[in-house]
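J.: Before anything else, here's the structure in question.
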Amino acid sequence: MGKKVTVLGEVRDGALRNVSFEGVAAARKIAEDGEVVAVLLGSAVKDLAQEMIVAGADRAVVVEDEKLAGYTSDGYAQALLAVVEQENPEAILFGHTALGKDLSPKIASKLGCGLVSDAVNVEVEGGNVVFTRPIYSGKAFEKKIVTDGVIFATIRPNNIPPLEKDASRTGEVSEVSAEIKDLRTIVREVAKKATQGVDLSEAKVIVAGGRGVKSEEGFEPLQELANLLGGAVGASRGACDAEYCDYSLQIGQTGKVVTPDLYIACGISGAIQHLAGMSNSKVIVAINKDPEANIFKVADYGIVGDLFEVVPLLVEEFKSLLVKA
Amino acid sequence: MNIFVLLKRTFDTEEKITIAKGAINEEGAEFIINPYDEYAVEEAIQLRDNHGGEVTVVTVGNEEAEKQLRTALAMGADKAVLINTEDDLESGDQFTTAKILAEYLKDKEADIILAGNVAIDSGSGQVGPRVADLLDIPYVTTITNLEISGETVTVVRDVEGDSETIETKLPVLVTAQQGLNEPRYPSLPGIMKAKKKPLEELELDDLDLDEDDVEAKTKVVEIFLPPTKEAGRVLEGELDAQVKELVNLLHKEAKVI
Ligand SMILES: Cc1cc2nc3c(=O)[nH]c(=O)nc-3n(C[C@H](O)[C@H](O)[C@H](O)COP(=O)(O)OP(=O)(O)OC[C@H]3O[C@@H](n4cnc5c(N)ncnc54)[C@H](O)[C@@H]3O)c2cc1C
Ligand SMILES: Cc1cc2nc3c(=O)[nH]c(=O)nc-3n(C[C@H](O)[C@H](O)[C@H](O)COP(=O)(O)OP(=O)(O)OC[C@H]3O[C@@H](n4cnc5c(N)ncnc54)[C@H](O)[C@@H]3O)c2cc1C
């Protein structure tokens, strides 16, 4: 018997984040021959519903309200709970993003149910929906099931592959009305940091710099390499604290958790808090002048050397490779 | 001001992790205050010093957590409470922990509750918001700044690197992000004083809770270590040649470019 699964489409700056499509893929697995219902919350999000259907959802439910223009836990919880009440899903999925992390425990508490946070995989085994999630700063993994009530999980971006988009898919898009009221937190100001281009948590290639980069200008060759490979620049806490770059680039336990195909760590020592944010990357390259640096322990390939020599050489070498290709 | 801190004793993940009998091996491991909870304790102490009142640190755990509670007292907290589940519960999850904490807090008239944004061991980040919901008070997660003036609370929140300034009112629950403050080390006089500070121990019975009320909603079915990575390849030779080899490996062997 298939299940009805609702998956939250997360909208940022007017577009759906990739993790929403990954959520649809996870939802399809859980639903088996059941139904995948996308949920969109916001002030003007209806036009995005079709994208969730193209990504594999069967239909979409939308709650639109001016008060949902910006995220608040109260507003989004009221909207989402209105959808849950109408749809009565057997499973709910969010992305494990700032929004998902903030909202999911409140919804779980309201529904009196369990919640599996930060899943990197989901499988249906012998009738159980089994989630895999990293624990102990990524040094171990656990498989977890929900034993009572709604199956609720948040999924880590860039881990569950989205389904092939199918533009011919169609599905119903309906509205649910919810009374959004008594918001107890008010967002006074949002200071967006200059993150142009590729979203770090969704990037396939990341070139990250640490304290070894030594200055703001030191990041320029890293940026050049990232641009060349269609990737994004990230950083360690060390580089952020030294003001070589903005905190929005920080990768690790406190910053973003990333799972790119290729992670190139330049002048990063490899503290556990940093590893917690990137050790799941498919291929890790370390460039560090200290052969004893911890980062080499998780690296697939390492070059012991000065990043200011190595990175420009890499740029040249990749350029000639890309020309050949 | 009546200030509460939710504190978890955690495994120090700097340590090597091994598995014994299907569980993380705790034999001989180092245990610490969850680092994000240290920020919460520090902020609580500063709040008390500026606004007056009392800081109570609360843990759900077993007797071994007394050590971490004493450390928080040595930092400057006034009272500690250990809700000891050792005799009553065999398993639990975030639902369990949040329910117990909320049950304890519900009649305490807390003005503010501080927690860590995430525990570094099981790492779900659920407990803070769950407790706030059960107490029906607002919450703000991953905060890097906190100001209280009268009933008005202004916090700066880290949202994937962007910062949001949020206004709300007491009572409130906040969860600490790195950058909120620099936690102090306990001083020697602090450690001496901590020995005489009250550390109350409670059990589920004292909170009028039954096992059934807090039964976990999730279950861990397996714990495993990631497949041991083959030792990475540190390249050798002239730098030029190393770079060529690396690009070639990424292209042909790893196939990521
Ligand atoms: C609660 C908590 C949370 C934290 N969260 C995070 C987090 O989310 N992310 C994070 O990154 N850190 C985090 N940290 C900090 C972490 O512990 C480390 O301090 C930090 O990661 C170090 O940054 P780094 O590697 O850039 O600097 P360092 O440790 O100083 O390393 C610099 C490296 O650069 C190398 N180097 C120097 N010059 C060159 C050169 N010319 N060429 C090549 N290599 C060079 C050096 O050999 C060295 O290995 C956290 C800490 C705490 C306590
Ligand atoms: C009886 C019992 C048995 C358990 N058995 C297991 C087990 O076998 N395996 C296992 O992995 N886990 C077990 N747990 C722990 C449980 O699964 C979670 O680790 C715990 O609920 C906290 O969740 P978290 O680590 O995800 O914390 P998060 O939600 O990430 O923590 C966020 C913040 O909440 C606060 N907080 C979290 N936990 C506590 C606490 N205990 N006391 C006070 N404040 C807290 C802290 O401020 C922390 O920074 C058990 C719990 C109980 C009560």
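The values are calculated or read from the model by the stated rules, or taken from the named source; none is laboratory data. Computed from a prediction, not measured in an experiment: that's the story for all the values here. Methodologically, a virtual Cβ is constructed for each residue, glycine included, from the backbone with ideal geometry; neighbour enumeration extends over all protein chains shown. Just the protein is used for accessible areas: all its heavy atoms, side chains included, with ligands, DNA and RNA removed. Shrake-Rupley method; radii C 1.70, N 1.55, O 1.52, S 1.80 Å.
J.: Has the range B:151-173 got any residue that is open to solvent by 30 Å² or more (accessible area, probe 1.4 Å) and away from every other protein chain (no Cβ under 11 Å)?
T.: Yes.
J.: What's the number of the condition A:LEU228 fails, among (1) more than 7 Å from ligand 1 (Cβ to nearest atom); (2) open to solvent by 10 Å² or more (accessible area, probe 1.4 Å); (3) without any contact (Cβ under 8 Å) to a residue 24 or more places away in the chain?
T.: (3)
J.: So which residues in the range A:279-297 are in a loop (DSSP other than H, G, I, E, B) and either within 16 Å of ligand 2 (Cβ to nearest atom) or within 9 Å of chain B (Cβ to nearest Cβ) (or both)?
T.: Matches in the range A:279-297: A:SER279, A:ASN280, A:LYS282, A:PRO291.
Yes or no, residue by residue, for (1) closer than 30 Å to A:LEU41 by Cα; (2) touching a residue at least 40 places away in the same chain (Cβ under 8 Å):
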| position | (1), (2) |
| --- | --- |
| A:THR185 | yes, yes |
| A:VAL190 | yes, yes |
| A:VAL205 | no, yes |
| A:GLU217 | no, no |
| A:LEU222 | no, yes |
| A:ASP241 | no, no |
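J.: Of all residues in the range A:266-278, how many are more than 8 Å from every other protein chain (Cβ to nearest Cβ) and away from ligand 2 (no atom under 16 Å from the Cβ)?
T.: Number satisfying all stated conditions: 9.
J.: If I filter the range A:246-265 for residues that are more than 8 Å from chain B (Cβ to nearest Cβ), in contact with a strand residue (DSSP E or B) (Cβ under 6 Å, 6 or more places away or on another chain), part of a helix (DSSP H, G or I) and within 21 Å of A:ASN158 (Cβ to Cβ), do I get at least one hit?
T.: No, every residue in the range A:246-265 fails to be more than 8 Å from chain B (Cβ to nearest Cβ), in contact with a strand residue (DSSP E or B) (Cβ under 6 Å, 6 or more places away or on another chain), part of a helix (DSSP H, G or I) and within 21 Å of A:ASN158 (Cβ to Cβ).
J.: Suppose we filter the range B:163-211 for residues that are among the charged types (D, E, K, R), more than 16 Å from ligand 2 (Cβ to nearest atom) and free of Cβ contacts under 8 Å to residues at least 24 places away in the same chain; how many remain?
T.: 3
J.: Are any of the residues in the range A:175-183 at pLDDT 95 or above, touching a Pro at 6+ places or on another chain (Cβ under 7 Å), open to solvent by 30 Å² or more (accessible area, probe 1.4 Å) and in a loop (DSSP other than H, G, I, E, B)?
T.: no
J.: Suppose the filter is within 7 Å of ligand 2 (Cβ to nearest atom), within 25 Å of A:LEU115 (Cα to Cα) and touching a residue at least 60 places away in the same chain (Cβ under 8 Å); does B:GLY92 pass it?
T.: For B:GLY92, the condition - within 7 Å of ligand 2 (Cβ to nearest atom), within 25 Å of A:LEU115 (Cα to Cα) and touching a residue at least 60 places away in the same chain (Cβ under 8 Å) - is met.
J.: Quick one: B:LEU180 ticks every box in (1) surrounded by 15 or more Cβ atoms within 10 Å (Cβ to Cβ); (2) not polar (S, T, N, Q); (3) not in a loop (DSSP other than H, G, I, E, B) bar one, so which box is it?
T.: All conditions pass for B:LEU180, except number (3).
J.: Additional query: Looking at the range A:121-137, which of the residues that are touching a residue at least 40 places away in the same chain (Cβ under 8 Å) and open to solvent by less than 20 Å² (accessible area, probe 1.4 Å) is farthest from ligand 1 (Cβ to nearest atom)?
T.: A:VAL129
J.: A further question on this structure: Under the condition of being open to solvent by 30 Å² or more (accessible area, probe 1.4 Å) and among the β-branched types (Val, Ile, Thr), which residue from the range A:184-225 is farthest from the other protein chains (Cβ to nearest Cβ)?
T.: A:VAL198
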